[in-house]
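A short write-up of the structure that comes next.
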Number of protein chains: 2
Amino acid sequence: MDREWNDSQPIYRQLRDRVVAMILDGVLKEGDPLPSVRTVAAEYRVNPLTVLKGYQQLVDDGLVETRRGMGMFVNPGARDLLLQGERQKFLTEDWPRIHANIQRLGLNAEELLNGAGAARSSSEAAPRDSAPPKSADLKNLESNPLKKEER
Amino acid sequence: MDREWNDSQPIYRQLRDRVVAMILDGVLKEGDPLPSVRTVAAEYRVNPLTVLKGYQQLVDDGLVETRRGMGMFVNPGARDLLLQGERQKFLTEDWPRIHANIQRLGLNAEELLNGAGAARSSSEAAPRDSAPPKSADLKNLESNPLKKEER
DNA sequence: TACAGTGTTATAGTTAACTATAACACTAAT
DNA sequence: ATTAGTGTTATAGTTAACTATAACACTGTA
């Protein structure tokens, strides 16, 4: 039940990446509150400070806004910001290494595009709403976080 | 000049991964000695213990053999072992996440797998050999000339 | 007001990664 | 026997990540 964390990266960063993924996937829409520090800490049996540290990065990146006593909320424009920034970062920092590895391992495109990570149907990312927004759950991601994949 | 290390992963692991890549690329052939602990430590201005730790993992994985007083040598069958193990690991652990991210960012996986990513021409990966091998340089990855020092 | 929910700060301890220095053990060649 | 090259071990210190506990500050609602 606890295989939530990947030991190849600090938890606070994985936490940050999960929220990022949720924003990109539209699970967390702009204006939505993200799950409270205490909630997440309890849910994942992690220290509140660790959660805070991850969340704080989102604030620093301008993706999330803090309202004391109320919670933290996804900023307007967050998703666009991410699509821009993360795309750039992925293409220049992550992909070259990943691609080199794929070549190195003699894997072909077909194999990769079919069998493996073909989940996530690609269709959409921004569903409907206008229901009372109640803080989404960090669990709403199957295949984890963003960034930093290597081997 | 020191853009050698990626802070998203411990050095000893990156070290290990470099050697793995060199074996897969055929830069280090079976029976070849790998660059000595001290050499690497000096070259990259890293602690010998850190290098040893990375190398030790290779020994533990059965990829490399230690001969006291002489050095560490690539085991026979190492490359095949790697092609098996690393492929497996990549497909089940890394690729799913990577692919999900690609989708998430609205990028086209197919496109990436073909044209992009600073191509490394897959022409040769397993050259047949029979030349007198002298400890390859860890730098022989990612576009780097051969040795620059002999005395 | 009291309360229960937010984010935030303070103190302090553990562990893993990395570092600096130094020495030991073994091997091939001089 | 000496030397210079290997891997290896020992001691000890720094830093970042994470942890446990506890308290503080703020906000909406009963």
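Here are the numbers for the structure shown:
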quantity: For region A:35-49, Karplus couplings with θ = phi - 60° (6.51, -1.76, 1.60), whole Hz, Gly/Pro x; calculated: x, 5, 3, 5, 4, 4, 4, 5, 3, 9, 6, 10, 6, x, 5
quantity: Entries of A:K29/A:K53; A:K89/B:K29; A:K89/B:K89; A:K53/B:K53 with Cα pairs more than 27 Å apart; calculated: A:K89/B:K29; A:K53/B:K53
quantity: Cα-based equivalent ellipsoid of region B:11-112: semi-axis lengths in Å, sorted from largest, via gyration tensor; calculated: 30, 17, 11
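Every number here is computed from the coordinates shown, using simple stated rules; none is lab data. On a predicted model such as this, the values are computed, not experimentally measured, just so you know.
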